[in-house]
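Colleague: Here it is: the structure, laid out below.
The values are calculated or read from the model by the stated rules, or taken from the named source; none is laboratory data. As the structure is a computational prediction, the values presented were derived from the model and not from experiment. Positions of Cβ are generated from backbone atoms using ideal geometry, with glycine treated the same way; all protein chains shown enter the neighbour counts. In case anyone asks, the SASA skips ligands and DNA or RNA and just uses the protein heavy atoms, side chains included. Shrake-Rupley method; radii C 1.70, N 1.55, O 1.52, S 1.80 Å.
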Amino acid sequence: MTHKPRLLVVEDEAKVATFIKKGLETQSYQVDVGADGREGKRLFGSTNYDLVILDVNLPFVSGLELAEYIRTKNETVPILMLTALDTTTDKLLGFEAGADDYLVKPFEFLELMARVRALLRRGGPPETREASLRFADLELDLMQKVARRQGVTIDLTAREFALLEFFLRSPNRVVSRVDIAEKVWDINFDTGTNVIDVYVNYLRNKVDKPFEPKLIHTVVGMGYIMKEK
């Protein structure tokens, strides 16, 4: 029997929750709805979900707090955040809390479906892959989820880790912000924000700033490249 993905939607606006639930069910998804953060937490703790859709502004337990809780229980389940807040700072807070994607209200259902399908593809069974990646004196341990350079362990957030992994899988090649958005965030990223540039700077401060030579370079007007000068 084909597996029907089970989704958790946590949304306190009843009309929005009903709209999402009915739409997703027409696409053959199983959908549970929590009306507030506390109920969402209870549902997540009692059922295995393939994807979680969270509003940010929820009663009792906020969407950010709920995302952080979910990440303590499951590091890989995709989380899509829904919010009326669309500044770069808002998005950074969402990603740092554990969100994989961010959809700003109001949204079209087709856009929601595109994000859901992309996240479910990425959340599928992990491929067999190597234990580590190396470039110059930088090593990324894919098992322990840490980076090491010149024998020094570098702690990375989940998003920084994914970004560094992408760079290490594309050495000596210019990658655009669109490439990064699609491969690291798995979305068509909003080019009106500088979230990607902010994350590249976070990564440089940890991986490059204390060491020589620098490995992550800006290619003006094109993107970034990982190379030894």
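Colleague: How high is the relative contact order of the stretch 1-143, in percent, with contacts defined as C-alpha pairs under 8 Å that are six or more residues apart?
Modeller: Relative contact order of the stretch 1-143: 19 percent.
Colleague: Give me the log10 of I(q) over I(0) for the stretch 137-221 at q = 0.15 Å⁻¹, as the Debye formula computes it from C-alpha points; what are the numbers?
Modeller: Listed by q, the Debye log ratios stand at -0.54.
Colleague: How big is the chain by Rg and Dmax over its Cα atoms, in Å?
Modeller: Computed over the Cα atoms of the chain, radius of gyration and Dmax are 18.6, 56 Å.
Colleague: For residue 214, go through the lysines and keep the ones whose alpha-carbon is under 17 Å away, minus same-chain ones fewer than eight residues off.
Modeller: Correct list for residue 214: 206, 227, 229.
Colleague: Return the percentage of antiparallel bridges among DSSP beta bridges fully within the stretch 134-229, rounded to the nearest 5 %.
Modeller: Bridges in the stretch 134-229 are about 100 percent antiparallel.
Colleague: At 1.4 Å probe size, with the rest of the protein present, what percent of the exposed accessible area of the stretch 29-158 is carbon and sulfur atoms?
Modeller: 50
Colleague: Towards the positive end of the charge dipole of the chain, with charges on Cβ (+1 Lys, Arg; -1 Asp, Glu), say which of 57, 103, 120 has the farthest Cα.
Modeller: Selected residue: 120.
Colleague: Antiparallel as a % of all DSSP beta bridges within the chain, to the nearest 5?
Modeller: Rounded to the nearest five, the antiparallel share is 50 percent.
Colleague: Given a 1.4 angstrom probe, what's the average accessible area per residue across the chain, in square angstrom? Please list the in-between numbers first.
Modeller: Working: 11910 Å² over 229 residues.
Computed with neighbouring chains in place, this is 52 Å² per residue.
Colleague: Right, here's the next one. Taking the Cα centre of the chain as origin and charging only Cβ (+1 Lys, Arg; -1 Asp, Glu), how large is the dipole, in debye to the nearest 20? Spell out each step's value before the answer.
Modeller: On the way: 32 positive and 35 negative charges, 106 e Å.
Result for the chain is approximately 500 debye, rounded to the nearest 20.
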